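Encoded as structure tokens, the structure appears first; notes follow it.
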Ligand SMILES: [Fe+2]
């Protein structure tokens, strides 16, 4: 049994023959009389280790190792330098250039065998380590993809639950998301937002915005779907959806872990009812103290409410809604974002008209329907533990938030 393939590069035929005789019974040997020939043979022979003579006419062994170590593929082959005239300078130079060892000629069979075995085994260990490192990275990548899928699935489930509970605003979450995407596209090409937007993860900004009214899960049906104008007290209850939303999102972050999706969702949840002049709720923040997520969603949230039918009011036209929003520029809304809103209002009108067509329906799926749908679209082959985790979260929401029971 041979222990590997060794390429011996030496201009001396005698040296090549001696070497082949010494170690040929243990290794497959490929001989090469020059560096040029070595490079011609490397592709086909693919040795596990190279024994390279330093003193050769023309391209020397030191030139040869320099070329090997600059090569994308051959640089990984361990090289032992052979020399008849060793000196500390030559040894240092060889090691600096990447040789793994230097052996002085004439060498003993035992010594060269031991050295070759030592370097072959080290090289195998390195390759094994690289492979296991690669496997681990691949595994980690696929695990983090799975976590992202899981979070997206959970967010979709919760969005479904909000729609299911809040029958008066079934389309609201989806249309608000589309209006927001229009605004964001314009903002990307406008100076002034890049610093704040740099913190966003654009892959899931829309999905996270869809969670902004998550707290409505905890508002009683009788208030949430009241077919008439709300009393002061009832409106105060509705305002609690921000605080309830914060509880839910904090619970999600605690159980699922930190994620950009959930952190972004938290910003939308907490700040979408703040006003530019400080008159909003729950914190009464002013101007640029209100995070961009809140300033942006505030505009599209109100536009959608104005242009939609509610049990207590009819939908206003696009133009009347825009006029009302413009009146609140600098009061409720960020004046700079209102400029963006004006720029994209035609596109927003188109989305609004499409969303409010009588043949445009959003069905209100049951929780089981939502679960099934998102498992199919997001999870695919998720394991039982993940499905159980999602089910537990749904149960937690139902137990703690259902129909106004806020704990
Ligand atoms: Fe809200």
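Every read-out reported here was derived from the displayed coordinates using simple, explicitly stated rules and does not represent laboratory data. Only a predicted model underlies this, so the values are computations on that prediction, with no experimental measurement involved. Don't worry about glycine lacking a Cβ; one is built from the backbone with ideal geometry, like all the others, and counts go over all protein chains shown.
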Cα centroid separation - region 335-358 against region 244-312, whole Å: 20 Å
Cα-projected label distance for residue 134 with residue 86, points at 7 Å along beta-carbon direction, nm: 3.5 nm
Cα-projected label distance for residue 14 with residue 356, points at 7 Å along beta-carbon direction, nm: 10.1 nm
Size-normalised alpha-carbon gyration radius of region 5-130, reference 2.2 N^0.38 Å: 0.96
Least to most buried among 354, 180, 67 (fewest other Cβ within 10 Å first): 354, 67, 180
Spacing of the two label points (7 Å from each Cα toward its C-beta) at residue 70 and residue 263, in nm: 4.4 nm
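Can you tell me how much longer the chain between residue 127 and residue 238 gets when fully stretched, taken as 0.36 nm per residue apart minus their C-alpha distance, in nm with one decimal?
My answer for the length gained is 33.8 nm.
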Residue order, fewest to most surrounding Cβ atoms within 10 angstrom, among 241, 85, 118: 85, 118, 241
Contour minus Cα-Cα distance for residue 96 and residue 3 (0.36 nm per residue): 30.7 nm
Efficiency of FRET between residue 253 and residue 336 - r from beta-carbon atoms, R0 25 angstrom, step 0.05: 0.25
Residue order, fewest to most beta carbons within 10 Å, for 75, 177: 75, 177
Contour minus Cα-Cα distance for residue 305 and residue 142 (0.36 nm per residue): 54.6 nm
